[in-house]
Amino acid sequence: QAKSPAFQAGQNLLPMALLVTNLAGAALAKLSPVPKSIQEARAELEKASGIPAALQKLVREGQVLTEDAELPEDGCEIICVKDETPMWTWNTENPEAKQIEVDGNVVRCPNLYNDFVNVLTREPIRSGIHYFEFVMHKIGDEQWCGVTMMPELAGRRYDGRSLKAWTYYCGRQSRREGSITDGKGALHANGKAVLEFEKACRPGNVINMLVDADKRILAFALDGRLQGACPVPGARPLYVLTHVDTPADHVELRKPMLEDAPQEVLASLTGALLDIEKGEKLHGYYGGFHFNVHEGSSESEEMED
């Protein structure tokens, strides 16, 4: 394999270096001494380039390097490809993994025996603008789809109304009436039902979600029709989340190109945002207790599972 000019120049400066380039051949980092393992190389590259270790696909001489691959002590050149797949595939390391079936970006739950399970992506959104689609193949009762800063929401400790998250509440599939807290579609933002959205309970409905992680703005649409945009206070990375609560539920998460997002949704990122401080408080269940999410306090009566 011919060495790139960047590699030759780098070796002149650092005789025992690992040169990491992008697909275009531009240098991302020169690591010297050569890291002792792929894990160490990923960590050093993350510090040097800002590319999270979990999103790095490292390639040498046309072969993707596995975690047990060895790097030559006298240095070499590898290519780093940023692979965002972990941002839109569901994490199988869930406390209730036995109750769900995950196939990459698809989650089903035919073995669900508890009332619900929260499922999060493998890696969070750390920066940039990203477009996602939740394809709601089947909703047995009610679901929530959105983002959270709390990876510990995975599992069944927090029900839908106690989620510390910013979500599109789909409404109840079996109920024509109701409120924005229970029954109607709505924006549920960190403990409050803020605004009515269209119900998203029909098989094949697509919830469009746009996330600006730098400006901390989130926008939702249903089948391309804008529902609303809101701020996402805080600074921590954002995991994509779905909440399933019947064995029939079937959700597919997609991450199309940003230019595929509906233009109205893109425009909403620079428009007026919904006031998430207004709205009706949600009362959910956390760890078996009746819980006021907004105030963060549990009532004295313990609830049965």
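Quick look at the values:
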| read-out | value |
| --- | --- |
| Dipole moment magnitude, nearest 20 debye, the stretch 185-227 about Cα centre, only Lys, Arg, Asp, Glu C-beta charged | 80 debye |
| Alpha-carbon centroid distance for the pair the stretch 45-109 / the stretch 133-207, whole angstrom | 30 Å |
| Accessible area in square angstrom per residue, the stretch 22-99, 1.4 angstrom probe | 56 Å² |
| Cα coordinate range in the stretch 77-117, projected on the principal axes (Å, largest first) | 50, 16, 11 |
| Asp68, Asp245, reordered so the largest accessible area comes first (probe 1.4 Å) | Asp68, Asp245 |
| Percent carbon-and-sulfur accessible area, the chain, ignoring ligands, DNA and RNA, probe 1.4 Å | 48 percent |
| Choice from Gly171, Gly191, Gly104 showing the highest fluctuation, given a GNM over the chain with Cα pairs closer than 10 Å | Gly104 |
| Kirkwood Rh in Å, taken over all unlike Cα pairs in the chain | 21.0 Å |
| 0 to 90° range, to nearest 10: angle between helix 38-49 axis and the chain longest Cα axis | 80 degrees |
| Of Glu93, Glu259, Glu277, the one that fluctuates the most in a GNM where the chain has Cα springs shorter than 10 Å | Glu259 |
| Convex hull of the stretch 29-177 built on C-alpha atoms - directionally averaged projected area, nm² | 11.4 nm² |
| Expected 222 nm ellipticity per residue - DSSP helices of 4 or more, -39500 (n - 2.57), all of the chain, to 500 | -2500 deg cm²/dmol |
| Residue with peak Gaussian network fluctuation, the chain [Cα springs, cutoff 10 Å], from Arg176, Arg202, Arg225 | Arg176 |
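The values are calculated or read from the model by the stated rules, or taken from the named source; none is laboratory data. What you see is a predicted model; the values in this text were computed from it and never measured. Here Cβ is always computed from backbone atoms with ideal geometry, including for glycine, and neighbour counts include all displayed protein chains. Accessible surface is based on the protein model in full, side chains and every heavy atom, while ligands, DNA and RNA are left aside. Shrake-Rupley method; radii C 1.70, N 1.55, O 1.52, S 1.80 Å.
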